[in-house]
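First up is the structure itself, then whatever we jot down about it.
No lab work stands behind these numbers, since they all come straight from the coordinates. Since the structure is predicted, the reported quantities are computational estimates derived from the model, not experimental observations. Here Cβ is always computed from backbone atoms with ideal geometry, including for glycine, and neighbour counts include all displayed protein chains.
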Amino acid sequence: MFAQIGGHQLNDSTADRFPIVETHLLRSYNPVTMVGDIALLRAELPTGRRFESDPQTPLRLPDDSKAVNGELCYIFGYGSDSYDGPISQTLHYGTVIALDLDSCIGMMGAVVAPPPDSGMFCAIGRSDACKGDSGGGYVCRAPFSTQFVLRGVISYGVGCGATGTPGVYTDVAYYLRNYPIGSLIGTA
């Protein structure tokens, strides 16, 4: 497994690739409800490698704030364009807006929508994540800044791009706040 930084093609030879040397999973992950659908990966970077001045500047981690209802954000990944389609070789992105939980439950139903206080949130837009996008980022521009913040991680949805159906995302700030690194399982 490796982390690819830069490049818009999955097999872009000009992109930087770094091996993943540690994988940490949350002990409380529930594969039925998808609560706890987050992992921490550590890549091995060459000594002295910094990204602050590269075109690929790092995403900031969120502060203690939650996803803001109505905030315009971006999702991206190499997932398929349709439920039965192949994984894309080109990085796709789309815009989405965070929803409050009541609106999400009204659109998805209480069984499919994330439980309250679960560290998950919903967002909707003209774009949607699909098979192969899970684990991709949900990023928002920081207020009054040119930097982007990793607010969420793509988790699940109903179908792909279904009109009027939100997707569900893991709230990064929630896990930073409630799960210190010590609560993660050792390397997987």
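Numbers below:
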| item | result |
| --- | --- |
| Gaussian network model of the chain, springs between alpha carbon atoms under 10 Å - residue of Thr95, Thr33, Thr146 with greatest fluctuation | Thr146 |
| Span per principal axis, largest first, for the Cα atoms of segment 72-177 (Å) | 37, 36, 22 |
| Given charges at beta-carbon only (K, R positive; D, E negative), |dipole| of the chain in Debye | 240 debye |
| Residue with peak Gaussian network fluctuation, the chain [Cα springs, cutoff 10 Å], from Gly79, Gly125, Gly164 | Gly164 |
| Dipole of the chain, positive direction: furthest Cα of Pro114, Ala3, Ala129, with charges on the beta-carbon | Ala3 |
| Mean projection area, nm², convex hull over Cα of segment 1-142 | 10.3 nm² |
